[in-house]
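Take a look at the structure below.
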Amino acid sequence: MSGIKVKEPVITLTSGPAAAYPRVLQAMSKPVQYDYDPYFQAFYEEVARKTAKAMRVDEPALLIHAEPAVGIEATAACLIGRDDVVLNLASGVYGKGFGYWAVRYCKELVEIEVPYNEAIDPEAVDAAMSERPDIKVVSVVHHDTPSGTVNPLNEIGRIVRDHDGLLIVDAVSSFGGMDVHPGDCMADVFITGPGKCLGGPPGVTIMAVSDRAWDQMAANQDGPTASILSLTDWKDAWSKDHAFPFTPSVSEVNGLDAVIDNYLEEGPETVWARHDLTARACRAGVKAMGLELWAAREEIAAPTTTAVKVPDGFEDKEIRATARELYGVVFSAGRAETDGKLIRIGHMGPTAEPIYAVVAISALGGALRKLGHNADVNAGLEATMDVIAAAHA
Ligand SMILES: *Cc1c(COP(=O)(O)O)cnc(C)c1O
């Protein structure tokens, strides 16, 4: 019996943790197998292989049994040596945050930082790497979620490879919701998870690691072993013939199995298209209501999150609380530097459906009107519905 007095939300439109598919939740309720049982070891290998297929890489996926933040910190710990110069690209809170981990391990951190409603300019990366040929590792966040903006990842990847750098990509809140793959962006370490666009649980990290990155980790004498932050401990764990260094999160692996089946069966292109359509419908509604998008330019607005500027004279907390109270709809707040400045509507996994753009515009506009803002909800809904109709022309 729960003693919680707060009513449960009706619809959660957040940008992570986001709603999970019923099929995934069902899979997570399967029996918890002994990790050394031949059944589980074979099952684990199959899940690692199908996850690799979803990422379009040949090597079975590396799974780390904790939320993706752990996989990212582990990458900093394992890949970056004490003599390495790191170029960190920061267009938001997550990008900036990687730098705090990187400085612990590197010789020097070079940073390109842009305003958190902007994106990294690939030419600036080229210039920085030309000026500092000793830069060895480059880190970038594809979709910096607390800003709802995306970086031109494939262009950045090509430049980093031209300069022979090792590229770390945080694609936690973009993979599964748009066309992004380790091969296309030439990532050496590609980090994602099932908890955002794939509609699964947030407790496991999915990674693809290049041979160059494994070589660098093997050569890094400072890299951790027998540690929760060790990637090398888990390098061969995908194989049914190899022991696990620690206990894998069995139920999360059961969930991941369903997550990947779901994604591959629906078809990645179809999944990306509904993320894109929902986001476009949402952006059209936001603008037609008389509100402003947070992104400086619409081309960099993510298809998996729509960040809306908090109108002058209004409090984001109040707007979100009102949307929750009147409609049972939950939105995400900003985070750190973007906290209080924007409201985020997530279109991830099961909520990347056009009807949720209608829900979001209604609940956001309705809450604002209740608070005395003159948001034009009718115009917003019309614009949203026009985008949806045009997709079926
Ligand atoms: C959600 C997210 C992560 C992972 O953070 P957790 O706290 O582990 O959920 C990492 N990077 C980005 C860009 C994210 O959106």
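The values are calculated or read from the model by the stated rules, or taken from the named source; none is laboratory data. Note that the structure is predicted; figures quoted are calculated from it, not measured. Reconstructed Cβ throughout: ideal geometry from the backbone, glycine too, with neighbour counts over all protein chains shown. Each accessible area value is taken on the protein alone, full model and side chains, heavy atoms only, with ligands, DNA and RNA left out. Shrake-Rupley method; radii C 1.70, N 1.55, O 1.52, S 1.80 Å.
For segment 108-193, which fully contained strands (runs of 3 or more DSSP E) count at least 3 residues that are more than 12 Å from the ligand (Cβ to nearest atom) and open to solvent by less than 30 Å² (accessible area, probe 1.4 Å)?
Output list reads 135-141.
Given Ala226, Ala213, Ala219, which one is of a type in the set (Gly, Ala, Ser) and on the phi > 0 side of the Ramachandran plot?
Ala226
Six or more apart or on different chains, Cβ atoms under 6 Å: show the pairs whose first residue is in segment 130-157 and farther than 22 Å from Cys106 by Cα and outside the structural domain of Thr338 (by TED's automatic domain parsing) and whose second is open to solvent by 60 Å² or more (accessible area, probe 1.4 Å) and away from the ligand (no atom under 16 Å from the Cβ).
Matching pairs, first to second residue: Asn154/Asp184.
Taking into account only those residues within segment 280-317 that are in a loop (DSSP other than H, G, I, E, B) and open to solvent by 70 Å² or more (accessible area, probe 1.4 Å), which is farthest from Glu353 (Cα to Cα)?
Gly313
Pick from segment 1-21 the residues that are within 16 Å of the ligand (Cβ to nearest atom) and of a type in the set (A, V, I, L, M, F, W, C): which of them is surrounded by the fewest Cβ atoms within 10 Å (Cβ to Cβ)?
The residue in question is Ala19.
Here are Ala226, Ala258, Ala218: which of them is more than 16 Å from the ligand (Cβ to nearest atom) and within 22 Å of the chain's Cα centre (by Cα)?
Exactly one residue qualifies, and that residue is Ala258.
Kindly check whether there is at least one residue in segment 87-100 that is more than 14 Å from the ligand (Cβ to nearest atom), in contact (Cβ under 8 Å) with a residue 24 or more places away in the chain, more than 29 Å from Arg283 (Cβ to Cβ) and open to solvent by 10 Å² or more (accessible area, probe 1.4 Å).
No, that holds for no residue.
In segment 251-279, how many are among the acidic types (Asp, Glu) and buried (at least 21 other Cβ atoms within 10 Å of the Cβ)?
Within segment 251-279, residues that are among the acidic types (Asp, Glu) and buried (at least 21 other Cβ atoms within 10 Å of the Cβ) number 2.
Quick check on Ile355: is it surrounded by fewer than 20 Cβ atoms within 10 Å (Cβ to Cβ), of a type in the set (A, V, I, L, M) and closer than 19 Å to Pro303 by Cβ?
Spelling it out, Ile355 is indeed surrounded by fewer than 20 Cβ atoms within 10 Å (Cβ to Cβ), of a type in the set (A, V, I, L, M) and closer than 19 Å to Pro303 by Cβ.
Does Ile72 satisfy the criteria of being open to solvent by less than 70 Å² (accessible area, probe 1.4 Å), over 20 Å from Ser210 (Cα atoms) and of a type in the set (A, V, I, L, M, F, W, C)?
In short, no.
Select, from Ala208, Ala213, the only residue that is more than 15 Å from the ligand (Cβ to nearest atom), in a strand (DSSP E or B), in the same structural domain as Lys107 (by TED's automatic domain parsing) and crowded, with 22+ Cβ neighbours inside 10 Å.
Only one candidate passes the filter, namely Ala208.
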